[in-house]
Amino acid sequence: MTFGEQPAYLRVASDLREKIVNGALPPHTRLPSQARIREEYGVSDTVALEARKVLMAEGLVEGRSGSGTYVRERPVPRRIARSGYRPETGVNPFRQEQTTEGARGTWESRSEQEGASPEIAERLGIEPGDRVMRTHYVFREAGEPIMLSTSWEPLAVTGRTPVMLPEEGPLGGCGVVDRMAAIDIVVDNVAEEVGARPGLAEELLALGGVPGHVVIVIGRTYYASGRAVETADVVVPADRYRIAYHLPVR
C-alpha cells in the first residue's frame, strides 16, 4: 500500500457508502452479501466483513437476524434551537432546553440526592462528595423521545428550600431561572459547551437509537454572580437533530 492510500476495507466501505447516499442502494435494500462484495471488489472475506462493519458503525446499515444486512432509512435532521440567556418567566424545562417559540412537548423526570462526582464538583465549584440533587429528564415531542437531560444542583444552595426538588413544590416544573429567583438568587449568566461521543447503551435505548450511534452532548451551567447554581448534560441524537444557536449581539 503506497503512502496516503486507503486500506482496502475503507475503499470498499466508501464505494458502498456513496451508493447509499446517492440512492443506488435505497433504504430497506439488502446490502450485497459478503460473498458478492468479495467477488465484485476482488477482496478477501476479511476485507468484505470489515467494510460492512464500518457501514454498521456509521449507522448506514443494520443487521436483521436471519435475514441479512439492510440499508437504514436516513432521517432528515430537524433543528433544536438554543439561545443565549434570556430572563423569561414561566419557562418550563422543555422550553428551557429548546427555545423555539412554537416548541411543544412533554417530559418525564426523576430526582434523587447523591454525592457529587469529581467532574460535577468541578463544574459546580464544590467539593467531590458534596450533596447534590440529580434530576434525569426524558423529553418527547409528539410522543417521540428527542433528548435527555441530567441536571445537578448543589444542595448547599437549594437544600431545605421550596425548590429543592425541581419537579415538585410550588415552582415544580418551572425553569432554573424562576426557581432560583424564588429563593432570592438571580441567575445572570449561562455557559454551554458542545461536544460529541458514542451514545451510551442506556441513552440510545431511551432515544430509540442504534448501538454505536453518535450523540451530541451539551454541557450547560447556570451562574449567579459567578457561582454555579445548576449544571446539566443535554444529550441529543446526532443523526436526527442539529443544534441551532441564536445569540444576541451586545
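The values are calculated or read from the model by the stated rules, or taken from the named source; none is laboratory data. On a predicted model such as this, the values are computed, not experimentally measured, just so you know. Using ideal geometry, Cβ is built from the backbone for each residue, glycine included, and neighbour counts are taken over all protein chains shown. Keep in mind that these areas ignore ligands, DNA and RNA; they rest on the heavy atoms of the full protein, side chains included. Shrake-Rupley method; radii C 1.70, N 1.55, O 1.52, S 1.80 Å.
For the reader, a short list of remarks on this structure follows.
- Count of residues meeting criterion [within 25 Å of Val76 (Cα to Cα), among the charged types (D, E, K, R) and open to solvent by 70 Å² or more (accessible area, probe 1.4 Å)] in the stretch 18-55: 3
- For Asp184, the conditions (1) under 26 Å from Ser117 (Cα atoms); (2) at pLDDT 95 or above; (3) not hydroxyl-bearing (Ser, Thr, Tyr) all hold with the exception of (1).
- Of everything listed in (1) open to solvent by 30 Å² or more (accessible area, probe 1.4 Å); (2) in contact with a Gly (Cβ under 7 Å, 6 or more places away or on another chain), the single unmet condition for Val163 is (1).
- Filtering the stretch 116-138 to residues that are over 21 Å from the mean Cα position of the chain (by Cα) and open to solvent by 30 Å² or more (accessible area, probe 1.4 Å) leaves Pro118, Glu122, Gly125, Ile126, Glu127, Pro128, Gly129, Asp130, Arg131.
- Among the residues making up the stretch 100-134, those that are assigned to a strand (DSSP E or B) and at pLDDT 95 or above are Arg110, Ser111, Glu112, Gln113, Glu114, Gly115, Arg131, Val132, Met133, Arg134.
- Selection from the stretch 206-249 of residues that are at pLDDT below 85 and among the small types (Gly, Ala, Ser): Gly209, Gly212
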